[in-house]
Every structure is written in C-alpha cells, then in structure tokens.
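Accompanying notes for the structure given below.
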Amino acid sequence: MANSFDDLPPRTALAGIARDFHARGWMGGTAGNLSARADDAHFWITASGLPKGSLGEDDFLLVRVADGGVVERGRAGLAPSAETGIHAAIYALDPQARACLHGHTVVACLATARLKGRPKTLRLPGLEMVKAFEIWEQHPKAELALFENQPDVARIAREVRSRFSRRRPAISALLVRDHGPTVWGRGVQEAYNRFEALDFLLSFLASR
Ligand SMILES: CSC[C@@H](O)[C@@H](O)C(=O)COP(=O)(O)O
Ligand SMILES: [Zn+2]
C-alpha cells in the first residue's frame, strides 16, 4: 500500500481518489472530474460522464494544457471531462499546479446558499485548517474565489482564466456556486489534502 498518492502513477492515484470521493458522497453518480499533469504541457483527465466510483486506468484522456485538445484516449469512444477547460486554465496559469480535483459536495452548496448578490469571493473561517493552503497568519483572512454556475462550462473556464490571470487566487481553490469546489496542489496528495481541508472549512461555514 502506497503512503502517498504521489507514489503511484497519476492515473492509478486519480482512480483511487475517485473511489474515495465517491464513497464520501463527493462524486455522486457521474459528478466531478480529476486530473494530474503528465508533463508541463499535458495532463491526464477523467473521461466525461462515467460513474466515478468505479473508474479504471483506461478511463482517462491525455490533453494539452494549451487548449485542452485530446492527445490520447485510454480507450476508444471516450470524451474528455466537460470541465477540462477549467483544469486547463489552472495548469496554464499556475506552473506549480500538478493535480486538480473537482467534486460536488453538499456543504459547498450550503456554504453559499444564503449569500446575497454575486460576490466574487467567500471569506473562509480563520481556523487551523487554512494552513493547508499555506496561510500562516494568526488571524487569517483567506478568500476563496467564487464563480457563478452556468450551463456553458466554457464560460466558467473563460472567467476563471480572465480573473486569475489578472490576479492570482489567494488560495489554491475555487468554488462554483450551487455546484462544487475545485482544488489544486503541487502534487496529487497535496491536492487531496487540500480538498479535505476545504471541505472542513466549508462544513464549518455551512453549519453556522
Ligand atoms: C452530475 S453531472 C455534472 C457535470 O455537469 C459536471 O459538473 C461534472 O462534474 C462531471 O462532468 P464530467 O464531464 O463527467 O467530468
Ligand atoms: Zn462539476
């Protein structure tokens, strides 16, 4: 048994995370998508529309960071995740990002349910868990980037690219309202740890 997802080949690690997230209710049915860089210019991403609790290593596609174009399919007939554009934007803008995880969590939806208007950020609670995002202040003011959900995912991806290229996000995560979080890290394990930490922080907000 590997101690870290980083000890495993990327697709093995991502399939393991998908099983784990599915068991926690974070990838119900076909929800969510996971990716990891293969090299600086390419990343592996889950195929679209598959039940995420039972992914195999051939259920991934290799795509370009530059434009999300498909380079290789794990098997014939697969299409890349509908949210490939969001992953590509994150890899293009953050050379340190090596893995990117998106799930649909109930607490993420609840945490913004009472917000008025269309705020661009959500202040995370100043709890110890924000250290997962390398925020070390005694009284941290960690702001999570917020995006409105839209049926056309390409529009969300364009907004992520446009906003993050103007200003780097304070923490390595974003939340699409009424949808779910996307979290990235310098490795698969770090992205996984951060996803768990964000879930903790959003659970706190949602329960107040
Ligand atoms: C329950 S379907 C949700 C999708 O529209 C999308 O938000 C999602 O997370 C999964 O899309 P996918 O194309 O399988 O990667
Ligand atoms: Zn989604």
When you go through (1) without any contact (Cβ under 8 Å) to a residue 60 or more places away in the chain; (2) within 17 Å of LEU198 (Cβ to Cβ); (3) out of contact with any Lys or Arg (no Cβ under 7 Å at 6 or more places or on another chain) one by one for THR105, which number turns out not to apply?
(1)
Taking LEU61 as the residue in question, decide whether it is part of a strand (DSSP E or B) and surrounded by 12 or more Cβ atoms within 10 Å (Cβ to Cβ).
yes
Only one residue in ALA88, ALA79 is within 16 Å of ligand 2 (Cβ to nearest atom) and surrounded by fewer than 17 Cβ atoms within 10 Å (Cβ to Cβ), so which one is that?
ALA79
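When you look at SER165, is it hydroxyl-bearing (Ser, Thr, Tyr) and over 28 Å from ARG11 (Cα atoms), yes or no?
Numbers: hydroxyl-bearing (Ser, Thr, Tyr): yes; over 28 Å from ARG11 (Cα atoms): yes.
In short, yes.
Here is a list: GLY69, GLY32. Which entry is modelled with pLDDT of 95 or more and surrounded by fewer than 20 Cβ atoms within 10 Å (Cβ to Cβ)? Talk me through it step by step, then tell me what you get.
Working: GLY32 fails: surrounded by fewer than 20 Cβ atoms within 10 Å (Cβ to Cβ).
Just one listed residue meets the conditions, GLY69.
Report, by residue number, each residue of the stretch 132-145 that is surrounded by fewer than 17 Cβ atoms within 10 Å (Cβ to Cβ), of a type outside the set (Asp, Glu) and in contact (Cβ under 8 Å) with a residue 24 or more places away in the chain. Quick ask: steps written out before the conclusion?
Filtering the stretch 132-145 down to residues surrounded by fewer than 17 Cβ atoms within 10 Å (Cβ to Cβ) leaves 134-139, 141, 143.
Filter once more, keeping what is of a type outside the set (Asp, Glu): 135-136, 138-139, 141.
The one that is surrounded by fewer than 17 Cβ atoms within 10 Å (Cβ to Cβ), of a type outside the set (Asp, Glu) and in contact (Cβ under 8 Å) with a residue 24 or more places away in the chain: ILE135.
Could you list, in sequence order, the residues of the stretch 71-84 that are more than 11 Å from ligand 1 (Cβ to nearest atom) and either within 17 Å of PRO151 (Cα to Cα) or not in a loop (DSSP other than H, G, I, E, B) (or both)? Break it down stepwise before answering.
Just the residues of the stretch 71-84 that are more than 11 Å from ligand 1 (Cβ to nearest atom), to begin with: 71-77.
Across the stretch 71-84, the qualifying residues are VAL71, GLU72, ARG73.
Kindly state which strands (runs of 3 or more DSSP E) lie completely within the stretch 103-208 and contain at least 3 residues that are modelled with pLDDT of 95 or more and within 16 Å of the chain's Cα centre (by Cα).
Working: elements: 121-123, 143-147, 173-176, 180-185.
Once the strands (runs of 3 or more DSSP E) in the stretch 103-208 are filtered for at least 3 residues that are modelled with pLDDT of 95 or more and within 16 Å of the chain's Cα centre (by Cα), what remains is 143-147, 173-176, 180-185.
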So for the stretch 15-30 (the condition being polar (S, T, N, Q), under 24 Å from THR105 (Cβ atoms) and in contact (Cβ under 8 Å) with a residue 24 or more places away in the chain), does at least one residue qualify?
no
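The values are calculated or read from the model by the stated rules, or taken from the named source; none is laboratory data. Values in this document were obtained by computation on a predicted structure and should not be read as measured data. Note that each Cβ is placed from the backbone with ideal geometry, even for glycine, and that neighbours are counted across all protein chains shown.
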